[in-house]
1. Give the relative contact order (percent, whole number) for segment 331-465; include only Cα pairs under 8 Å separated by 6+ residues.
2. If you take every DSSP beta bridge whose two residues both sit in the chain, what share of them, in percent to the nearest 5, is antiparallel?
3. Compute the separation of the alpha-carbon centres of segment 461-479 and segment 570-629 and state it in Å as a whole number.
4. For a quick check: with amide H placed at 1.01 Å from N, whose amide H comes under 5 Å from W426's, ignoring anything fewer than 5 positions away on the same chain?
5. As I understand it, the value is the acute angle between the Cα axis of helix 54-66 and the longest principal axis of the Cα atoms of the chain; what does it come to in degrees, rounded to 10?
6. Compute the acute angle (0 to 90°) between the alpha-carbon long axis of helix 540-550 and the principal axis of greatest extent of the alpha-carbon atoms of the chain; round to the nearest 10°.
7. If we sort 323-330, 402-409, 527-534 on the protection proxy, mean other Cβ atoms within 10 Å, highest first, what's the order?
8. Quick one: check the C-alpha center-to-center distance for segment 345-407 versus segment 12-72, whole angstrom.
Amino acid sequence: NVAKDPSINNYEYMGKIPLLNSSTESLPPKVCSYIEECASLCCPKDIYICDGSDTEYEHLLNFLEKNGTISPLPKYENCWLARTNPADVARVEKRTFISTECKRDTIPIPCEGVIGELGNWISPRDMEKAILERFPECMKDRTMYVIPFSMGPVGSPFSKIGIEITDSAYVVCCMRIMTRIGKNVLETLGNDDFVKCLHSIGVPKSDSKIEINSSWPCDPERTIILHRPDKNEIVSYGSGYGGNSLLGKKCFALRIGSTIAKDEGWLAEHMLILAITDPKGRKRYITAAFPSACGKTNLAMLKPTLPGYKIECVGDDIAWMRFDQEGRLRAINPENGFFGVAPGTNCITNPNAMKTIFKNTIFTNVAATSDGGVFWEGMEEEISDDVEITDWRGKKWTRGSKTPAAHPNSRFCTPIQECPVIDPGWEDPAGVPIDVILFGGRRPEGIPLIYQARNWQHGVFIGASMRSEATAAAEYTDKVIMHDPFAMRPFFGYNFGHYLNHWLSMTKVKNAKVPAIFHVNWFRKNADGKYLWPGFGENSRVLDWILRRIDGEDIAVDSTVGLLPKSESFNLENLSKDVNMEELFSLPKSFWEKEVRDIREYFDMQVGDDLPAAIREELELLACNVDKL
Ligand code: GTP
Ligand code: SPV
Ligand code: MN
């Protein structure tokens with residue numbers, strides 16, 4: 001056991017369960033009763049309260065190594081590789097539920113006979129039942145870890161505190177990287193309320209058909225992720241994978257976060273936050289919502305190819321935003337680390353990530369090299385030809401093999417402080433002021449590189465109509481174009497129609513100066529299936545146009561979909577490859593007719609009566625414009 005000190009044999013007990021390293025007296029009473037409640041349900045062997053110290057982290061890593069969950073990567077400093085069960089590699093959207101008394105508080109009611117795609121609802125009674133079917137005695141032979149964590153800088157008015165209770169040491173280690181954990185969180189919390197986060201990797205039923213290895217216990221057949229917004233409660237069972245188990249991230253910061261944000265008048269969004277300084281030395285902040293695995297981490301730490309520009313990173317996945325008294329929208333990144341997609345990351349695409357991730361990092365489901373390093377698709381140029389590669393499942397892998405070496409959703413979990421371009425203001429308790437909001441997705445066809453919303457209402461419509469090609473971040477396997485409004489489809493904590501009203505209402509906040517909204521698409525392809533735009537560092541050209549635009553330069557012209565760059569207004573100097581700008585910005589009529597039909601059908605079938613009239617109005621305007629193409 002990680003914390004067992006042989007000199008201490010007078011444990012304090014919670015019921016009959018030894019409390020390893022703390023006393024009930026040193027814990028806030030509300031925390032104490034939450035621990036008692038979970039302990040009497042899960043019946044762990046013992047209970048350990050995490051303090052967030054280095055020694056604790058070392059103990060936990062040792063324990064995980066002995067257990068075969070992680071192995072060291074001696075090529076780097078304090079880096080580790082975890083291999084999950086192959087059945088536990090991504091978020092499980094179909095097994096994720098929000099529980100409210102009234103179904104319509106959670107999801108819009110879809111058309112009869114249509115399956116709702118905007119979240120899953122469960123009644124409080126069925127949620128209770130799901131818990132009682134899974135949790136009793138599930139921690140019988142395990143330690144129950146208690147993780148006090150803060151989303152946001154400890155003590156910032158933006159920040160919120162949670163207590164995660166888990167039987168996974170891997171989860172504790174990743175939570176220590178991704179959030180701020182430890183004693184000072186408990187001190188700041190005092191006897192206030194907190195978000196209750198219960199997690200267990202679970203124990204499969206005896207008749208389970210999935211092979212489970214002791215190095216990665218899980219229960220994929222019965223995995224379930226439950227949220228109870230009215231009680232600020234999250235219950236997650238059966239999976240150790242990040243998005244299902246690091247409950248501060250998607251479950252708290254987005255699903256529970258968005259419901260708190262609605263009640264308190266702010267926004268909890270699936271957005272990166274970056275600072276950009278232009279050649280004149282002016283610094284502005286931009287947030288961007290792209291669906292999972294569509295380029296947030298890349299843009300957040302972009303190395304601009306345009307001379308004179310500098311980009312610094314505030315966050316790569318989540319933004320909590322609110323208007324201040326002067327009416328400026330301010331954002332914090334509630335996280336403390338990056339849980340980033342590994343494949344595709346290399347010194348050309350994301351040099352700053354490469355400088356970040358080879359220290360104090362836990363990699364999950366990447367491939368390993370015989371010289372003690374890691375490998376994934378996209379790293380071909382970064383390793384020498386003579387090293388041998390072991391794939392993410394632990395099998396020998398050869399170059400040219402048909403299966404990928406790293407799982408497409410393999411990840412690095414790394415402290416944000418290691419990032420060489422971290423913005424000095426990233427922990428400002430007041431947040432950073434946001435001038436621009438970007439929406440975007442993976443659209444191989446029809447959608448131009450960039451266009452601007454004409455106004456806030458049009459911008460909210462653009463967010464609502466976002467679509468993107470499916471990625472490996474969830475359980476989907478086809479490359480279908482999915483609707484993913486605001487990149488939040490898997491993360492809405494309440495009815496999407498109400499969420500749209502909340503966004504629309506932001507113009508009514510006292511003094512509010514709402515940011516300009518743009519839509520970007522780095523992923524348009526030509527007839528041969530090749531990307532039309534080089535992307536990555538060259539995306540700085542798009543940001544340059546955006547900044548000049550908000551500075552009032554006369555460089556935009558209204559079009560069918562919104563404001564497009566005037567020809568010649570785009571800086572293409574020394575662009576690394578020939579780009580067919582005409583094709584990149586074209587608006588094919590048949591494509592847009594179908595797009596309007598698809599969006600209309602989606603709104604009608606999925607959102608129905610909950611769609612705000614203002615959004616319908618924008619759709620009709622777009623339909624009208626497309627007719628005129
Ligand atoms: P989550 O962590 O799942 O929320 O994903 P994310 O939005 O942070 O995505 P990320 O930046 O990790 O990018 C995912 C994939 O998109 C990687 O394989 C990148 O290499 C690729 N990608 C990012 N930016 C670009 C771009 O500008 N062009 C192209 N072609 N690919 C890109
Ligand atoms: C995403 O899928 O958007 C992620 C990874 O950022 S996860 O933590 O799994 O949600
Ligand atoms: Mn994400």
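We did not get these values from a lab; they are worked out from the coordinates using the rules stated. Predicted, not measured: the structure shown is a model, and the values here were computed from it. Note that we place each Cβ from the backbone using ideal geometry, even for glycine, and neighbour counts take in every protein chain shown.
1. In percent, rounded to a whole number, it is 32.
2. Bridges in the chain that DSSP calls antiparallel: roughly 65 percent.
3. For segment 461-479 versus segment 570-629, the Cα centre distance is 16 Å.
4. Here the answer is none, since no amide H 5 or more places off falls under 5 Å of that of W426.
5. For helix 54-66, the angle is close to 80 degrees.
6. Helix 540-550 sits at roughly 70 degrees to that axis.
7. 402-409, 323-330, 527-534
8. 34
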